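Participant: Attaching a single structure in structure tokens format; questions to follow.
Values in this text are rule-based calculations from the coordinates and carry no lab data. Treat the numbers as computed from the prediction; the structure is a model and nothing was measured. All Cβ positions, glycine included, derive from the backbone under ideal geometry; neighbour counts span all protein chains shown.
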Amino acid sequence: MTYSQVDYLIIGQGLAGSLLAMELLRKGKTVRILDNGHRNAASGLAAGIINPITGRRFAKSWRIEELLPFAKAYYQTLEKELAVQCFHERSVLRFLKSNKDINDWEGRSSWEGFDQYMHDFSGMDDLAQKFHLSQGIGRIAPVAQVDLPVLIKALKQYFETQNILIKAELDHQLNEEKLLQSLAPYNASVIIFCEGYRAGFNPLFKFIPFEPAKGEVLFVRIPNLNLEDIVKDKLMIAPLGDDTYWVGSNYKWNAKHENPTSEFKTAFIEKLESTLKLPYEILDHQAAIRPSILDRRPVLGFHPQYSHIAIFNGLGTKGASLGPFFSNKLADHLINGSVLNAEVDISRFTA
Ligand SMILES: Cc1cc2nc3c(=O)[nH]c(=O)nc-3n(C[C@H](O)[C@H](O)[C@H](O)COP(=O)(O)OP(=O)(O)OC[C@H]3O[C@@H](n4cnc5c(N)ncnc54)[C@H](O)[C@@H]3O)c2cc1C
């Protein structure tokens with residue numbers, strides 16, 4: 001079958017492909033999307049948290065001052081367009097385990113640029129009924145939690161009503177030439193690969209140093225926890241509504257398979273029990289692979305050899321904040337030839 005001519009073909013309807021498609025459609029372009037039914041989607045499992053302060057040393061997230069407000073406005077617009085609720089403003093309650101943690105927190109939270117995100121927390125007594133607390137709690141805000149599974153589903157339905165989504169899998173066993181030939185019937189001027197971690201198997205992008213990070217998640221019912229914020233202790237507990245919580249996750253680099261493991265389940269049940277005082281029930285256990293790159297930056301732009309091939313990938317552990325901003329930048333680059341920031345430009349791997 002040969003399809004009608006379109007401006008852009010997008011391979012992959014995860015967060016990257018979906019947001020890029022919306023950007024191009026809003027700019028009046030014609031788009032077709034090909035996806036294998038989310039078989040390998042990280043977006044379907046992500047907690048969708050945009051956290052400005054992360055890691056043991058309370059580091060500030062890259063470009064968070066511009067990414068967080070951009071993402072907020074972006075998702076709120078999408079909520080209206082799709083009539084769906086997916087953007088939630090929350091705090092992260094960071095459990096501080098030692099005097100060193102407390103000193104580090106106090107020191108860092110007085111730094112200019114950090115003070116706007118790191119605050120004192122005054123609800124210790126209430127939380128002490130529910131959690132085994134250690135030294136103290138610091139509150140990080142503003143934080144966002146984007147319900148990515150709900151958003152991706154709504155976007156899928158939208159693309160289906162527009163008749164632009166095709167369920168099909170691009171075969172990575174083919175060599176470059178045959179792969180490009182297999183895309184010819186989709187009749188697009190430009191093809192953008194948004195395949196998540198599977199791009200690491202794509203013969204066209206062998207020169208990009210992908211470093212995929214598998215993550216596993218437990219979905220847990222915890223009656224009477226009534227948590228509106230996100231708890232960060234040895235694990236992350238994020239509210240999903242109806243007494244259900246997202247509990248995760250780990251980083252397994254270059255994992256051999258995509259399946260959930262009993263090692264993770266055992267380790268995270270142990271962590272949950274050492275944190276939580278309330279009874280709970282495990283509802284589900286899933287795994288997916290984050291599309292990370294060695295330098296931990298997104299990768300976007302045109303293929304060095306093929307002027308009609310481009311990529312949008314490397315959203316890694318931070319797709320919820322990077323996706324809106326960089327889909328916007330890439331759409332502008334594709335349509336108007338605007339210059340990409342050198343830190344995210346694909347040319348950093350080819351120059
Ligand atoms: C456990 C876990 C927790 C996370 N938590 C957070 C978080 O709190 N905050 C945050 O910002 N990010 C988080 N992330 C990261 C986030 O999920 C990713 O950054 C983002 O979803 C990547 O989107 P993507 O579109 O690039 O890839 P994906 O979501 O993987 O989408 C790629 C799509 O392309 C399809 N596809 C791939 N190859 C082909 C092919 N050859 N043919 C057809 N279709 C194909 C796939 O099936 C999929 O639908 C988390 C990820 C995991 C796994």
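Participant: Do you know the relative contact order of the stretch 11-133, to the nearest whole percent, from alpha carbon pairs under 8 angstrom that are 6+ apart?
Facilitator: 16
Participant: Once the other residues with Cβ under 11 Å from the Cβ of Val339 are scored (Lys, Arg +1; Asp, Glu -1), what is the net sum?
Facilitator: So the environment of Val339 carries a net charge of -1.
Participant: Here's a follow-up. Among 67-77, 265-275, 106-116, how do they line up by average Cβ neighbours within 10 Å per residue, starting with the highest?
Facilitator: Highest mean packing first, the order is 67-77, 265-275, 106-116.
Participant: Let me check I have the definition right: for the stretch 216-304, take the eigenvalues of the Cα gyration tensor, multiply each by 5, take square roots. What are those semi-axes in whole Å, largest first?
Facilitator: 29, 16, 11
Participant: Which value, to two decimals, describes the C-alpha radius of gyration of the stretch 1-152 once divided by 2.2 N^0.38 Å?
Facilitator: Normalised Rg, Cα atoms only: 1.35.
Participant: Divide, for the stretch 1-79, the radius of gyration over alpha carbons by 2.2 N^0.38 Å, where N is the residue count.
Facilitator: 1.40
Participant: In percent, what relative contact order does the chain have, based on Cα pairs under 8 Å that are 6 or more apart in sequence?
Facilitator: Reported as a whole number, the value is 24 percent.
Participant: Just rank Asp120, Asp147, fewest to most, by other beta-carbon atoms within 10 angstrom.
Facilitator: Asp120, Asp147
Participant: Sort Met236, Met22, Met1 so that the residue with the fewest other Cβ atoms within 10 Å of its own Cβ comes first and the one with the most comes last.
Facilitator: Taking fewest neighbouring Cβ atoms as first place, the list is Met1, Met236, Met22.
Participant: Here is a further query. Determine how many Å³ per residue the convex hull of the Cα atoms of the stretch 106-175 encloses.
Facilitator: Spelled out: Cα convex hull of the stretch 106-175, divided by residues, is 279 Å³.
Participant: Counting each DSSP H run of 4 or more residues in the chain as -39500 (n - 2.57), what helix-only mean residue ellipticity at 222 nm follows after dividing by all residues, to the nearest 500 deg cm²/dmol?
Facilitator: -9000 deg cm²/dmol
Participant: How far is the Cα center of the stretch 133-157 from the Cα center of the stretch 6-63, in Å?
Facilitator: After rounding, the separation between the Cα centres reads 16 Å.
Participant: Tell me, Glu211, Glu177 in order of fewest to most beta-carbon neighbours within 10 Å?
Facilitator: Glu177, Glu211
Participant: Roughly speaking, what is the centre-to-centre gap between the stretch 233-258 and the stretch 165-214 when only Cα atoms are used, to the nearest Å?
Facilitator: Using only Cα atoms, the two centres lie 28 Å from each other.
Participant: Still on this structure, I have one more. At a Förster radius of 22 Å, what calculated FRET efficiency corresponds to the Cβ-Cβ distance of Lys80 and Gln157, to the nearest 0.05?
Facilitator: Given R0 = 22 Å and the Cβ-Cβ separation, E is 0.90.
Participant: Tell me the volume per residue, in Å³, of the convex hull enclosing the alpha carbons of the stretch 197-267.
Facilitator: It is 127 Å³ per residue.
Participant: Which value, to two decimals, describes the C-alpha radius of gyration of the chain once divided by 2.2 N^0.38 Å?
Facilitator: It is 1.03.
Participant: Sticking with this one: Can you work out D for the stretch 92-138 in µm² s⁻¹ from Stokes-Einstein, where Rh is the Kirkwood radius over C-alpha pairs, the temperature is 4 °C and the viscosity is 1.567 mPa s?
Facilitator: 116
Participant: Over 22 Å between C-alpha atoms is what I'm after, so list which of Lys27/Lys329; Lys234/Lys265; Lys156/Lys252; Lys156/Lys256; Lys27/Lys156; Lys60/Lys206 land there.
Facilitator: Where the Cα-Cα span goes over 22 Å, the pairs concerned are Lys156/Lys252; Lys156/Lys256; Lys60/Lys206.
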